[in-house]
Amino acid sequence: MGISGFEPSFLIKVDAIRQAHGSRLAALAGRRLTGFALVRFAEDGDWFADCPVVLDFDGIQVEVCHWKFDELSISWDTIDTAVTITGWESSELTPRWSHSDEHLEPFVGQELREVTLLEWRPAERDLAAGTVAVEFVFASGCLRIVNGLDENRIEVDAAHLDYVRHRLGR
């Protein structure tokens with residue numbers, strides 16, 4: 001992806017993700033979301049949802065990236081969003097870090113209450129069954145970074161009822 005410092009470590013299944021990152025995610029509670037970054041194309045402003053979503057909680061940066069149908073990488077303080085994304089010279093598009101997004105902006109400045117892992121468990125057979133979303137709970141609502149089947153998707157409405165909640169740190 002040409003993102004300096006980003007070396008994803010993709011995990012599958014909620015138990016592996018919880019074991020690797022549960023305590024650090026839970027420790028974010030009480031911190032304020034002070035910033036975020038997404039990769040957008042300079043030419044049209046479209047979000048390149050294959051790249052990680054970077055959230056900054058009072059100086060602790062969590063980087064969330066979904067890949068394939070069931071893989072999730074969570075990394076910590078590895079990406080410098082001030083560094084230019086490289087390796088796209090032959091492409092017609094120019095990826096750049098952006099600090100604007102209509103879904104994320106309302107949460108900036110708010111204190112994080114809780115982080116939850118959500119496991120997609122629909123009643124009927126579904127290709128996405130078992131995928132894991134990361135939910136950040138604020139006083140004004142929830143922000144989720146979910147698997148959009150080989151890319152990230154951001155949701156802010158109430159979580160679908162087919163998600164099984166896995167609370168962290170409580």
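The values are calculated or read from the model by the stated rules, or taken from the named source; none is laboratory data. Quantities reported herein were computed from a predicted structural model and do not represent experimental measurements. Using ideal geometry, Cβ is built from the backbone for each residue, glycine included, and neighbour counts are taken over all protein chains shown. When the accessible area is computed, the model is the full protein with side chains, heavy atoms only, and any ligands, DNA or RNA have been set aside. Shrake-Rupley method; radii C 1.70, N 1.55, O 1.52, S 1.80 Å.
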Practice task
Could you quote the convex hull projected area for region 55-157, Cα atoms only and averaged over all directions, in nm²?
Solution key: 8.2
Fill in the blank from the handout: Plugging the Cβ-Cβ distance of H103 and A20 into 1/(1 + (r/R0)^6) at R0 = 25 Å yields, to the nearest 0.05, a FRET efficiency of 0.45
Practice task
May I ask you to derive the relative contact order of region 23-170, considering only C-alpha pairs under 8 Å and at least 6 residues apart, and to give it as an integer percent?
Solution key: 27
Problem - Accessible area in square angstrom per residue, the chain, 1.4 angstrom probe - result: 51
Handout entry: With all protein chains modelled, accessible area of E151 [1.4 Å, Å²]
Key = 70
Practice task
First obtain the Kirkwood hydrodynamic radius of region 1-112 from its Cα pairs, then insert it into the Stokes-Einstein equation at 37 °C and 0.692 mPa s, and state the resulting D in µm² per second as a whole number.
Solution key: 220
Exercise for the section: Determine the distance separating the Cα centre of region 1-49 from the Cα centre of region 84-155; give it in Å without decimals. Expected result: 8
Exercise for the section: Give, rounded to the nearest 20 debye, the magnitude of the charge dipole that region 40-170 has about its Cα centre when Lys and Arg contribute +1 at Cβ and Asp and Glu contribute -1 at Cβ. Expected result: 600
Problem - Protection-proxy order for peptides 112-119, 101-108, each taking the mean of Cβ atoms within 10 Å per residue, highest first - result: 112-119, 101-108
Practice task
Could you work out how far helix 14-26 tilts from the main Cα principal axis of the chain, as a 0 to 90 degree angle to the nearest 10?
Solution key: 80
Handout entry: Two-decimal Rg to Rh for region 117-165 - Kirkwood Rh, Cα set
Key = 0.96
Problem - With all protein chains modelled, accessible area of D44 [1.4 Å, Å²] - result: 90
Practice task
Rounded to whole Hz and in sequence order, give me ³J(HN,Hα) for region 91-99 from the Karplus expression 6.51 cos²θ - 1.76 cosθ + 1.60, θ = phi - 60°, writing x for Gly and Pro.
Solution key: 8, 7, 10, 10, x, 9, 6, 10, 10
Practice task
Would you calculate a helix-derived [θ] at 222 nm for the chain, using -39,500 (n - 2.57) for each DSSP H run of n ≥ 4 and dividing by the full residue count, to the nearest 500?
Solution key: -2500 deg cm²/dmol
Exercise for the section: State the extension gain, in nm to one decimal, for the chain segment bounded by A49 and T94, taking 0.36 nm per residue of separation less the distance between their alpha-carbons. Expected result: 14.8 nm
Handout entry: Integer Hz, Karplus 6.51/-1.76/1.60 couplings in order for region 147-157, x for Gly and Pro
Key = 7, x, 6, 5, 6, 7, 9, 10, 10, 10, 7
Exercise for the section: Quick one: grab the alpha carbon gyration tensor of region 1-54, order the square roots of its eigenvalues as a ≥ b ≥ c, and give me rounded if a/c is under 1.5, else prolate or oblate depending on whether a/b is larger than b/c. Expected result: oblate
Fill in the blank from the handout: Whole-percent carbon and sulfur contribution to the accessible surface of region 42-170 (1.4 Å, no ligands, DNA or RNA) stands at 47
